[in-house]
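Undergrad: Structure provided below as structure tokens; questions to follow.
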Number of protein chains: 2
Amino acid sequence: MNEFDLIQHFFLKQKIKRQDVTLGIGDDAALLSLKKGQSLVITTDTMVEGVHFKPHTHPAHLGHKILAVNLSDLAAMGATPAWVTLALTLPEANPAWLEAFGSGFFSLAEQFQVELIGGDLTRGPLSMTVGAYGLVPPGLALRRDTAKPLDKIFVSNTLGDAAFGLTSANPFFLKKLETPIPEITLGESLRNTAHACIDVSDGLIADLSHILAKSGVGATIFTHKIPLSEELKKHTDYEKALTLALSGGDDYVLCFTVPPKNAHKISSKCTEIGFITENPEFRILNEDSSTYSPITAGYQHF
Amino acid sequence: MNEFDLIQHFFLKQKIKRQDVTLGIGDDAALLSLKKGQSLVITTDTMVEGVHFKPHTHPAHLGHKILAVNLSDLAAMGATPAWVTLALTLPEANPAWLEAFGSGFFSLAEQFQVELIGGDLTRGPLSMTVGAYGLVPPGLALRRDTAKPLDKIFVSNTLGDAAFGLTSANPFFLKKLETPIPEITLGESLRNTAHACIDVSDGLIADLSHILAKSGVGATIFTHKIPLSEELKKHTDYEKALTLALSGGDDYVLCFTVPPKNAHKISSKCTEIGFITENPEFRILNEDSSTYSPITAGYQHF
């Protein structure tokens, strides 16, 4: 089966057909039409075998995750996903692998009405890069540089479960690690409510630090307010769980800041963990007001 | 130097700052504003070491080429390039390599007023994926499925030089192979003039075949009309030169079809090589009307 047959076979099988796609897969480029009053949101993320996932990870999970991590970036902007491109590099043409990859990819794409509009299929060491394109009303995108002193800081779900999944065979943690669900609906709901937002991919400390640096503010967060799953507390001791929650990666929950007057609008599934300060210091306090000392601060590629 | 320092150091150095970029590098995603009456054009292409380029290719040439091949897809749509994303996977953090890569990349980006709006930097086997975003007035994009019988077929430059560069150390051919210039201006000028268009990346036969299949037409082209450079004719025999011109890849010239009434508008730097037929056959004829038999039909990854 050659490159064109492969593309034909697996990537034209998607069910989503959007009205704003004038021309999808199959030309030199895709053609899209935007409605008046829409800002375009663009992000891209890569996953490489042996770096972002273990060899022999189930291809359906890879297809899900490479899309999920990109949609999560759109969620963090408050954007509604519209289209995606997929650049897939494979060591060999394996139809069964591609079929499974496509099932994970398209299943998530259908959930959020996202259409695959183009891509590239090349031979080489296994890796995949998705470009994700979303829409947001002008001026309502959630940014990193808009946190304000006194804002309350929230996270949208428990932290540390995905990082624990790196060394666990427990299905609960593996699911969190391999098939995260991007917080699209939450992101959209925060457009008029939150000040700043980021998705937690490199660990809460590292990612919240980006908001602080870009906004020129500080924060105080409390270790006893960090949401930990019952499963994580059951499978490891509190110190380890807290380290994973603060410094582990791959959570893909949203961390966002909200002015006090809007705090009541935030869904009860989210957890308030602290507040923004004018003082640019980032303080992490324990329940007894002692300072928490993190062991590490986010995954670094180099 | 960590990932953030690297990004800071090399990828924030670009000079292009476009007014339509509300938010560029440094957030979860970029924010762009489109003017009314613009269609969005999106393409993505990957290059992998050992597949698309030899190990130890000069990084400045890689930076140029990964951008050029993506801009060439926009050119083939008649689009004006606006923004790009870069997902770069590197085996190690080598500042000198990145500096050179960036110089090639940004030099070409500046030539076409393209702004880098985001990307991803990861560790792994050397590869790079660019997403390129262009703009075109609605209805004027050049497609593959719009060739009509009697259209004249043109190519925008000599063919086969880049393919000869794969096995030559001659600077003329290496330049054609490693630093092609995308035909942006020509593509824009064809918006109201040409019917169908494609960029020749996999070889003329393979790429013109895409136009024929998508348009449901055939073509007759003539081997003696295929433009060959003086350098190629000097360095190899005619048969080999013709094979490279018809079946070699990496030319990144445009192949387009033009209704006879518009043929006089086509720049004299382009060469007419044949015509579109209602009969869906693809015929390649020699000057004496005998049929040319190609040796191979385009590079296939699998």
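The values are calculated or read from the model by the stated rules, or taken from the named source; none is laboratory data. All values reported here derive from a predicted model rather than from experimental measurement. No Cβ is skipped: glycine too gets one built from the backbone with ideal geometry, and neighbour counts run over all protein chains shown. Heavy atoms of the whole protein, side chains included, go into the accessibility calculation; ligands, DNA and RNA do not. Shrake-Rupley method; radii C 1.70, N 1.55, O 1.52, S 1.80 Å.
Undergrad: Checking the condition closer than 23 Å to A:GLY118 by Cα, open to solvent by 10 Å² or more (accessible area, probe 1.4 Å) and away from chain A (no Cβ under 13 Å), which residue from B:LYS13, B:LYS65, B:LYS17 passes?
TA: Values: B:LYS13 fails: closer than 23 Å to A:GLY118 by Cα; B:LYS17 fails: closer than 23 Å to A:GLY118 by Cα.
Just a single option satisfies the conditions, and that option is B:LYS65.
Undergrad: Could you check the range A:232-266 and list, in sequence order, the residues that are farther than 25 Å from A:GLU188 by Cα and touching an Asp or Glu at 6+ places or on another chain (Cβ under 7 Å)?
TA: Scanning the range A:232-266 gives a single hit, A:LEU232.
Undergrad: Something else: In the range B:116-154, which residues are in contact (Cβ under 8 Å) with a residue 40 or more places away in the chain and among the basic types (Lys, Arg)?
TA: B:ARG143, B:ARG144, B:LYS148, B:LYS152
Undergrad: If I ask for residues that are closer than 30 Å to B:GLY102 by Cα and of a type in the set (Gly, Ala, Ser), which ones from the range B:179-237 would you list?
TA: B:GLY187, B:SER189, B:SER201, B:GLY203
Undergrad: On to the next question. Determine which member of the set B:GLY187, B:GLY118, B:GLY203, B:GLY165 is within 14 Å of chain A (Cβ to nearest Cβ) and either modelled with pLDDT under 95 or in contact with a Lys or Arg (Cβ under 6 Å, 6 or more places away or on another chain) (or both).
TA: Values: B:GLY187 fails: either modelled with pLDDT under 95 or in contact with a Lys or Arg (Cβ under 6 Å, 6 or more places away or on another chain) (or both); B:GLY203 fails: either modelled with pLDDT under 95 or in contact with a Lys or Arg (Cβ under 6 Å, 6 or more places away or on another chain) (or both); B:GLY165 fails: within 14 Å of chain A (Cβ to nearest Cβ).
Among B:GLY187, B:GLY118, B:GLY203, B:GLY165, only B:GLY118 is within 14 Å of chain A (Cβ to nearest Cβ) and either modelled with pLDDT under 95 or in contact with a Lys or Arg (Cβ under 6 Å, 6 or more places away or on another chain) (or both).
Undergrad: When the range B:229-248 is examined, which residues are found to be open to solvent by less than 20 Å² (accessible area, probe 1.4 Å) and outside any helix (DSSP H, G or I)?
TA: Quick first cut of the range B:229-248, residues open to solvent by less than 20 Å² (accessible area, probe 1.4 Å) only: B:229, B:232, B:241-242, B:245-248.
Result: B:SER229, B:GLY248.
Undergrad: For the range A:21-37, which positions are open to solvent by 30 Å² or more (accessible area, probe 1.4 Å), outside any strand (DSSP E or B) and modelled with pLDDT of 85 or more?
TA: Taking the range A:21-37 and keeping what is open to solvent by 30 Å² or more (accessible area, probe 1.4 Å), we get A:22, A:25, A:33-37.
Now restrict to residues that are outside any strand (DSSP E or B): A:25, A:33-37.
A:ILE25, A:SER33, A:LEU34, A:LYS35, A:LYS36, listed by residue number.
Undergrad: Taking B:HIS64 as the residue in question, decide whether it is in a loop (DSSP other than H, G, I, E, B) and either modelled with pLDDT of 95 or more or not aliphatic (A, V, I, L, M) (or both).
TA: No, not satisfied.
Undergrad: Still on this structure: Checking the condition within 24 Å of A:PRO182 (Cα to Cα) and among the β-branched types (Val, Ile, Thr), which residue from A:THR277, A:THR243 passes?
TA: A:THR243
Undergrad: Hey, another quick one. Kindly check whether there is at least one residue in the range A:68-81 that is more than 30 Å from A:ALA194 (Cα to Cα), of a type outside the set (Phe, Trp, Tyr) and surrounded by fewer than 23 Cβ atoms within 10 Å (Cβ to Cβ).
TA: Taking every residue of the range A:68-81 in turn, none turns out to be more than 30 Å from A:ALA194 (Cα to Cα), of a type outside the set (Phe, Trp, Tyr) and surrounded by fewer than 23 Cβ atoms within 10 Å (Cβ to Cβ).
Undergrad: Looking for something of a type in the set (Ser, Thr, Tyr) and crowded, with 19+ Cβ neighbours inside 10 Å - is there at least one such residue anywhere in the range A:134-151? Even if it seems obvious, please write down each step before you answer.
TA: Quick first cut of the range A:134-151, residues of a type in the set (Ser, Thr, Tyr) only: A:146.
Next, from what is left, pick out any that are crowded, with 19+ Cβ neighbours inside 10 Å: none.
Checking the range A:134-151: not a single residue is of a type in the set (Ser, Thr, Tyr) and crowded, with 19+ Cβ neighbours inside 10 Å.
Undergrad: Further question: Find the residue count for the range A:87-126, including only residues that are open to solvent by less than 10 Å² (accessible area, probe 1.4 Å) and among the aromatic types (Phe, Trp, Tyr).
TA: 2
Here is a yes/no grid of residues against (1) crowded, with 19+ Cβ neighbours inside 10 Å; (2) at pLDDT 95 or above:
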site	(1), (2)
A:LEU208	yes, yes
A:SER215	yes, yes
A:HIS224	no, yes
A:LEU254	yes, yes
A:PRO259	no, yes
A:HIS264	no, yes
A:THR271	no, yes
A:GLN300	no, no
